[in-house]
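Peer 1: Got a structure here, written out as structure tokens. Questions coming.
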Amino acid sequence: MSKLQVTVVSILLITINSAVSTGAEYSCPQLKVEREILKNGFHRDLVTRVSIQDFVEQVDSCRILLNETMPSGLFMDPFQISSLQQHHLVEAIVPTSIDVEAPEYLSKEHTALVYMKPDETCKDCYISTVPVHARYHRPSAEVYEMSIHVRSPQLLMRCSKDFPPRDCTKHPLVEAPCGSSTEKECEWMDLPYTLVIDNTTVKVPVGIEQHGPVVCIVTIAVTLICTGMLLRTIYKHKQKST
């Protein structure tokens, strides 16, 4: 075999190996996730952004589902979520058994399924924004605030074509609702991801035990004053009507 033939064969082998490696690289998505909690006080927004790499050909046909776990100090209001869904602002499945009035120490963590939408400001990106609410904590004699951290969610993905990719078979398939408005279940691929931003810690104020007697006295005093004013107004109204 001549040197020219050897060179040609070498080039072909390099090209084939490159194509195979590129195909393998693009056959399974690489995901980067950014999470943050916006706003202040007891009513916040949990924002999640997912960018998909090495999966360009299939991104338009894919959906991403987040299996969120809310700690006992936070909750998603199922009634609020239902109202937002009617206006197509949020797509999520939240258990209706959540007690939105219970304090943190009488509550348990709960799960919620959040369906992400394509991010119009970023190509090959998805985004979700869901309202979350902090619960009142038990008064403390030592601290003035408590920190609540939201754990990273399970990320599920499904596509309408060539799914699952052959090189992604090592990732498990799980059953989950195809959407929030149907009971039909679909196969979703449980994918790992890289968490590049995680600003999901919420700090909430805690009552001071030593302030308990003062708060009770002030509350009773205000209640009595308001009751007296109401009774006086009712009495004057009856006097005028007679």
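Peer 1: Show me the strands (runs of 3 or more DSSP E) entirely contained within the range 117-196 in which 3 or more residues are open to solvent by 30 Å² or more (accessible area, probe 1.4 Å) and modelled with pLDDT of 85 or more.
Peer 2: Qualifying strands (runs of 3 or more DSSP E): 145-149, 173-177, 185-190.
Peer 1: Let me ask something else. Anything in the range 70-91 that is open to solvent by 60 Å² or more (accessible area, probe 1.4 Å), more than 30 Å from Glu145 (Cα to Cα) and in a helix (DSSP H, G or I)? List them, or say none.
Peer 2: Gln86
Peer 1: A further question follows. Which of the numbered conditions does Val100 fail, given that it passes all the others? Conditions: (1) part of a loop (DSSP other than H, G, I, E, B); (2) over 27 Å from Arg158 (Cβ atoms); (3) in contact (Cβ under 8 Å) with a residue 60 or more places away in the chain.
Peer 2: Condition (3) is where Val100 drops out.
The values are calculated or read from the model by the stated rules, or taken from the named source; none is laboratory data. In this text the structure is predicted, and so the values were computed from the model without any measurement. Positions of Cβ are generated from backbone atoms using ideal geometry, with glycine treated the same way; all protein chains shown enter the neighbour counts. To get the accessible areas, we keep the full protein, side chains included, count just its heavy atoms, and leave off ligands, DNA and RNA. Shrake-Rupley method; radii C 1.70, N 1.55, O 1.52, S 1.80 Å.
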